[in-house]
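The values are calculated or read from the model by the stated rules, or taken from the named source; none is laboratory data. The structure presented is a predicted model; accordingly, all values stated were derived computationally and were not measured. So basically every Cβ, Gly included, is an ideal-geometry build from the backbone, and we count neighbours across all protein chains shown.
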Amino acid sequence: MLFDSHVHFDTSRGEHGITALVERADHARVTDILAVGGSPALNRHAITAARLFPHKVRAAIGWDRDQALDGRRTGIARDPQSMLHYWSNRIARCRSIGIQISALGEIGLDYHYAADTAPDQRLLLRTQLAAARALHLPVIIHSRDADTDTLALLKEHVSALPDNPRFHPGVVHCFTGTTEFAAGILDLGFLIGLSGIITFANAKALRQTAKTIPAEKLLIETDTPYLAPVPYRGHRNQPFFLPAILQCLAETRNEPAERLAELTRANALALFSI
Ligand SMILES: [Zn+2]
């Protein structure tokens, strides 16, 4: 059984799209999925997926780096109390319809596409990290071309966490950083999520880094609908493709795929308190 730890669903063409993806995932033994938010629309889709499949799909909600362009959301970020209030209300509303929110995410920094909004991205990330601490939720972190700032903010976050050895701070998802960045993240107690990028021909350095990550710190993810793995390049990504990522990771690490499947699933279940 496999856990796809990062999936963005789309309900804009109806809920049957979610049903088709989740049912097809079953045929690849992908039994668990974390539906991840990031924008108001993605958050709604994640909640819908968790409502449709309460035993297979869990939800994470948050505001990603692109929300730094939105005046209302950056306005909320200027007041940490408002940020906490916003997410605790949203989470309470989910709970009232029987949906448990498993993490805040995805949140983070991307200087590759939007370096001009960097200060607002940092503000959004910092205040959402503070909200996650107050709500005792792990976080799902995106970081692209921003590893120094990401590491600094995560360090600040972890040092402010209450002392609880059983609490996992979160995961840096779709990891593409250096071995040094990976070591820094692991030092802080974060897990590392590997996506289909690991299967790409030009991802030699990433595969080298993947060998250095302890198995109990690894998650696997499709990052649906983006980044379909080899041999599905050019297709719209979906959880059904997760075994291709697992297989590549197993070969890279010279470990049995079955064992990695079990471990990464157990890691995800523990991280998201399932
Ligand atoms: Zn994502």
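The table below lists the values:
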quantity	calculated
Unique match (being outside any loop (DSSP other than H, G, I, E, B) and closer than 24 Å to Ala59 by Cα) among His168, His157	His157
Those residues of segment 212-226 which are within 14 Å of the chain's Cα centre (by Cα) and in a loop (DSSP other than H, G, I, E, B), in sequence order	Glu221, Thr222, Asp223, Pro225, Tyr226
Filtered residues of segment 227-258 (kept if of a type in the set (Gly, Ala, Ser) and either touching a residue at least 24 places away in the same chain (Cβ under 8 Å) or in a helix (DSSP H, G or I) (or both))	Ala228, Ala244, Ala250, Ala257
Matching residues, segment 23-49, being under 23 Å from Asn267 (Cβ atoms), out of contact with any helix residue (DSSP H, G or I) (no Cβ under 7 Å at 6 or more places or on another chain) and away from the ligand (no atom under 16 Å from the Cβ)	Asp26, Arg29, Thr31
Which listed residue is in contact with a strand residue (DSSP E or B) (Cβ under 9 Å, 6 or more places away or on another chain), of a type in the set (Lys, Arg) and closer than 20 Å to Leu219 by Cβ, from Arg122, Arg144, Arg95, Arg90	Arg144
Unmet requirement for Glu180, which otherwise passes all of (1) in a loop (DSSP other than H, G, I, E, B); (2) away from the ligand (no atom under 16 Å from the Cβ); (3) out of contact with any Leu (no Cβ under 7 Å at 6 or more places or on another chain)	(1)
Candidate set from segment 126-144 (those that are within 16 Å of the ligand (Cβ to nearest atom) and without any contact (Cβ under 8 Å) to a residue 60 or more places away in the chain); member that is surrounded by the fewest Cβ atoms within 10 Å (Cβ to Cβ)	Arg144
Residues of segment 51-79 classified as part of a strand (DSSP E or B), out of contact with any Gly (no Cβ under 8 Å at 6 or more places or on another chain) and of a type in the set (A, V, I, L, M, F, W, C), total	1
Unique match (being in a helix (DSSP H, G or I) and buried (at least 18 other Cβ atoms within 10 Å of the Cβ)) among Leu109, Leu21, Leu34, Leu104	Leu21
Residue check, Ala266 surrounded by fewer than 16 Cβ atoms within 10 Å (Cβ to Cβ), out of contact with any strand residue (DSSP E or B) (no Cβ under 6 Å at 6 or more places or on another chain) and among the aliphatic types (A, V, I, L, M)	yes
Answer residue from segment 1-18, given it is free of Cβ contacts under 8 Å to residues at least 24 places away in the same chain and part of a helix (DSSP H, G or I) and is surrounded by the fewest Cβ atoms within 10 Å (Cβ to Cβ) among those	His16
Thr11 being in contact with a His (Cβ under 8 Å, 6 or more places away or on another chain), away from the ligand (no atom under 16 Å from the Cβ), over 20 Å from Leu269 (Cβ atoms) and not small (Gly, Ala, Ser)	yes
Residue among Ala215, Ala261 that alone is surrounded by fewer than 18 Cβ atoms within 10 Å (Cβ to Cβ) and touching a residue at least 24 places away in the same chain (Cβ under 8 Å)	Ala215
Residues (over 16 Å from Asp4 (Cα atoms) and in a loop (DSSP other than H, G, I, E, B)) located in segment 187-211	Leu188, Gly189, Phe190, Phe200, Ala201, Asn202, Ala203, Lys211
Candidates Gly17, Gly108 - the one that is under 23 Å from Ser195 (Cα atoms) and either polar (S, T, N, Q) or at pLDDT below 95 (or both)	Gly17
Residue in segment 71-88 that is surrounded by 24 or more Cβ atoms within 10 Å (Cβ to Cβ) and within 18 Å of the chain's Cα centre (by Cα) present	no
